[in-house]
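Participant: Provided herewith is a single structure, encoded as structure tokens, for subsequent inquiry.
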Amino acid sequence: MSKCIFDEIDQFASPAEYERFPSWALHQENAGHIEELLSDEAQGGFAGTKRYKCVATEEIWALHAPDPGYFPGALKRENES
């Protein structure tokens, strides 16, 4: 059974942790582990939300941008494989 490289993040520990994530995700995309879904494939959502598909499991994951003072950002699975 394949496993996605992502683990859910209920909230990022700091703004710096969130800011490092896109660079790490780009590295994973270049390695062929994930694909970033374009906005029409991502089916809407809040501004600042990016969606990724895990190649191994076809799970869709949403990266929710932080809203300083209110929400620290998160990485959540949107579907099960």
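Read-outs: derived from the displayed coordinates by stated rules, not from any lab. In this text the structure is predicted, and so the values were computed from the model without any measurement.
Participant: Counting only C-alpha contacts under 8 Å and six or more residues apart, can you give the relative contact order of the chain as a whole percent? Kindly include the intermediate steps, with their values, before the conclusion.
Facilitator: Details: 122 pairs, mean separation 27.6, N = 81.
Relative contact order for the chain comes out at 34 percent.
Participant: Okay, moving on. What value, in deg cm²/dmol to 500, does the helix sum -39500 (n - 2.57) over DSSP H runs of n ≥ 4 give at 222 nm once divided by the residues of the chain? Present the calculation step by step, with values, prior to reporting the outcome.
Facilitator: Working: 2 runs with 20 residues, N = 81.
Theoretical 222 nm ellipticity from helices: -7000 deg cm²/dmol.
Participant: Here's a follow-up. Taking Cα atoms, how many degrees apart are the long axis of helix 15-30 and the longest axis of the chain, rounded to 10 and kept between 0 and 90?
Facilitator: 20
Participant: Give the value in nm², to one decimal: projected area of the alpha carbon convex hull of the chain, averaged over all directions.
Facilitator: Working: hull surface 21.4 nm².
Convex hull of Cα atoms, orientation-averaged projection: 5.4 nm².
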